[in-house]
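**Q** First the structure, then my questions, so here it is.
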Amino acid sequence: MESFLIDPAKAPLAGEARVPGDKSIGHRAVLFAGLGNGQSVISGLSGGQDNQRTVEALTALGIEVHPAGPGRLKIEGRGLFGLRAPERDLDCGNSGTSIRLLSGVLSAQRFSSRLCGDRYLNARPMRRVVNPLSRMGGVLYGVPGAKEGDLYPPLSIDPAQSLHGIRHESHIASAQVKSAVLLCSLWAEGVTEVVEPTRSRDHTERMLRALGAPIFTSDDTPPPSMPALSRLSPSGWKRELPAVALEVPGDLSSAAFLLGAALLVPGSRVVLSGVGLNRSRTGVLDAFEQLCPGAVTVHERREVQGEEIGDLHMIAPPDQGLRPMRIDGTLSVRALDELPLLAALSGLALGETVIAGAKELRVKESDRIVATCALLRAFGVECEERPDGLVVQGRGRGPLRAARVDSFGDHRIAMAGAVLALAAPSQSRIEDTANVNTSFPGFVGTLYSLGARIHIVR
Ligand code: S3P
């Protein structure tokens, strides 16, 4: 099993780095390329295992995919009606986004298929997609599991007799659920609407719009409404998506770990260029602003294919302490994947940090509320679990201890641990860290290049 060994940082981190391509956008880019007409070229892909699962599924569905250099794929799209029956189960590995997005696409096909995953993915709830897709006419089956009444992978999907649009009012803000429904609506008769309590990441909507699909979102006309609506009205649409040449922006969720590492080491100066700054994702920057006002600044804001990007500069003040944070409501949704990291950083702030409104953390790659608390406690930080979040008693930079701790099979817990370890008084060890390759291949090398002393041991 792979582990990280991390030494305390002796000098400020410094330098410029590139982060891997955005995982969420990567999934959508390759999917839409496979459903488009003709050859698409997708660049800037992370090479992470999760995106690779979506690529492999497309290949199994008859789409030709050709590597064309690092992070670059040429994908021969066969149009919305060109997928072929797979000869084997489609293995989504650890990737929740692959299984949920593909469930929407496969519910609309004229052949049967089965989606499965690793033991972590097989423990993640799927009724959230099975229910709305079934209401659209999809024929899907999951298997019963840990929570009574819910359904889990493998998901078996049979051809639908007919598909029709629905209005899906979701009680959770989930981009995976929303995207599954919107993807299925590409083949359905009539209007499909998804209403969510707070706008979850909207990459699917942005990409559909860029591809000329008839999509409307309630934030098209400011001020953004709450709850948030996404609607696809296919009447009069030719049901064709063009091929694209798309450059995937850097992943803010990966960048966050490098920014967090720099913030923990006073005097650090780090620049990360070309990072995605979609508003539905930038909660982590707002949280950094609470933690250390003015430390992160955005430069060269620009828009690339409907997504905002920019360069991030982190200048960690040499002497200033970190402040506790309050993260709840919309901010929790906009910083969802970064909450374990933010909780870890708050262990070094002076005072109580409260993270609430984040029940969804319980059904991620691990139960991230349990896993984050275990991580913090291993480093000597007091942390209390709440049903929908956690409370951290930060005691400033001093009292941390070195830890030997498990990642719970979760890439973001592993990386949050590696960051926290930089501030410990002696070497720490994070175990079971190969999962970091699902989202951030090259994490160790990149952190090392900025001056951290981190090694992989087997
Ligand atoms: C993702 C959506 C989020 C996020 C995940 C990626 C996506 O999950 O946590 O890492 O790409 O759509 P939910 O939609 O389930 O909240």
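**Q** Could you grab the relative contact order for the chain? Cα pairs under 8 Å, six or more apart, rounded to a whole percent.
**A** Details: 1158 pairs, mean separation 89.9, N = 458.
The normalised contact order for the chain reaches 20 percent.
**Q** In percent, what relative contact order does the range 54-202 have, based on Cα pairs under 8 Å that are 6 or more apart in sequence?
**A** Values: 293 pairs, mean separation 30.4, N = 149.
Answer for the range 54-202 is 20 percent.
**Q** Could you give the radius of gyration (one decimal) and Dmax (whole number) of the Cα atoms in the range 187-328, in Å?
**A** Reported Rg and Dmax, both Å: 18.5, 61.
**Q** Relative to the compact-globule scaling 2.2 N^0.38 Å, provide the ratio for the alpha-carbon radius of gyration of the range 255-300.
**A** Details: Rg = 10.3 Å, N = 46, 2.2 N^0.38 = 9.4 Å.
For the range 255-300, the normalised Cα radius of gyration comes out at 1.10.
**Q** Let me ask something additional. Which value, in Å² rounded to 10, gives the accessible area of Leu390 with a 1.4 Å probe and all protein chains present?
**A** Approximately 0 Å² for this residue.
**Q** Count the net charge of all other residues whose Cβ sits under 15 Å from the Cβ of Pro12, scoring Lys and Arg as +1 and Asp and Glu as -1. Before the final figure, lay out each step's value.
**A** Numbers: positive: Lys10, Arg269, Arg397, Arg453; negative: Asp7, Glu16, Asp319.
Spelling it out: positives minus negatives among the neighbours equals +1.
**Q** Rounded to the nearest Å, what's the spacing between the alpha carbon centres of the range 424-457 and the range 63-121? Just the number, please.
**A** 30 Å
**Q** Can I ask one more? How much net charge surrounds Val248 when only the other residues with a Cβ under 11 Å from the Cβ of Val248 are counted, with Lys and Arg +1 and Asp and Glu -1? Before the final figure, lay out the partial values.
**A** Details: positive: Lys23, Arg28, Arg72; negative: Asp22, Glu247, Asp251, Glu307.
Neighbourhood net charge equals -1.
**Q** Which lysines, on any chain, are close to Lys238 with Cα under 30 Å apart, when same-chain ones fewer than 8 places away are left out?
**A** List returned: Lys23, Lys74, Lys178.
**Q** Rounded to a whole number of µm²/s, how large is the Stokes-Einstein D of the range 26-86 at 10 °C and 1.306 mPa s, given Rh as the Kirkwood radius over C-alpha pairs?
**A** Values: Rh = 11.1 Å.
After rounding, the answer is 143 µm²/s.
**Q** Report the antiparallel proportion of the DSSP beta bridges in the chain as a percent, rounded to a multiple of 5.
**A** Numbers: 58 of 79 bridges.
In the chain, approximately 75 percent of DSSP beta bridges are antiparallel ones.
**Q** Assuming a ≥ b ≥ c are the square roots of the Cα gyration tensor eigenvalues, decide whether the range 1-147 counts as rounded (a/c under 1.5), prolate (otherwise, with a/b larger than b/c) or oblate. Could the numbers behind the result be given before it?
**A** Details: a/c = 2.50, a/b = 1.36, b/c = 1.84.
Oblate, because a/c is 1.5 or more while a/b does not exceed b/c.
**Q** Let a ≥ b ≥ c be the square roots of the eigenvalues of the Cα gyration tensor of the range 324-388; is it rounded (a/c under 1.5), or, if not, prolate (a/b larger than b/c) or oblate?
**A** Working: a/c = 1.83, a/b = 1.19, b/c = 1.53.
Note, shape of the range 324-388 comes out oblate.
**Q** Continuing with this model, one more query. Would you mind getting the accessible area per residue of the range 143-289, heavy atoms of the protein chains only, 1.4 Å probe, in Å²? Walk me through the numbers on the way to the answer.
**A** Numbers: 5420 Å² over 147 residues.
On a per-residue basis, 37 Å².
**Q** Oh, and also: Please give the Cα centre distance for the range 322-338 versus the range 254-321, rounded to the nearest Å.
**A** Using only Cα atoms to place each centre, the spacing works out to 15 Å.
**Q** Just to confirm my numbers, what's the Cα centroid distance between the range 5-59 and the range 137-169 in Å?
**A** 28 Å
**Q** Same structure again: Return an integer: the convex hull volume of the alpha-carbon atoms of the range 319-458, in Å³ per residue. Walk me through the numbers before you get to the answer.
**A** On the way: hull volume 14.6 nm³, N = 140.
Hull volume normalised by residue count: 104 Å³.
**Q** I need the shape label for the range 88-198. Rule: rounded when a/c is under 1.5, else prolate if a/b > b/c, else oblate, with a, b, c from the alpha carbon gyration tensor. It would help to have the intermediate numbers written out before the result.
**A** On the way: a/c = 1.77, a/b = 1.22, b/c = 1.45.
In terms of gyration-tensor shape, oblate.
**Q** Measure off, as a whole percent, the carbon and sulfur share of the 1.4 Å-probe accessible area of the range 319-458, all protein chains present.
**A** Of the solvent-accessible surface of the range 319-458, carbon and sulfur hold 49 percent.
**Q** First select every other residue whose beta carbon is under 11 angstrom from the beta carbon of Arg88; then total the charges, Lys and Arg +1, Asp and Glu -1. Don't skip to the answer; put the middle values down first.
**A** Details: positive: Arg114; negative: Glu56, Glu87, Asp89, Asp91.
Local net charge: -3.
**Q** Please enumerate, by chain and number, the aspartates and glutamates with C-alpha under 19 Å from the C-alpha of Lys147, excluding those fewer than 8 residues away in the same chain.
**A** Reachable aspartates and glutamates: Asp118, Glu360, Glu365, Asp367, Asp388.
**Q** What translational diffusion coefficient, to the nearest whole µm²/s, does the chain have by Stokes-Einstein, given a Kirkwood radius computed over alpha-carbon pairs, a temperature of 10 °C and 1.306 mPa s viscosity? Walk me through the numbers before you get to the answer.
**A** Numbers: Rh = 22.2 Å.
The Stokes-Einstein estimate is 71 µm²/s.
The values are calculated or read from the model by the stated rules, or taken from the named source; none is laboratory data. On a predicted model such as this, the values are computed, not experimentally measured, just so you know. Because the Cβ atoms are built from the backbone with ideal geometry, glycine has one as well, and the counts that use them run over all protein chains shown. Calculation scope for accessible area: heavy atoms of the full protein, side chains included, ligands and nucleic acids excluded. Shrake-Rupley method; radii C 1.70, N 1.55, O 1.52, S 1.80 Å.
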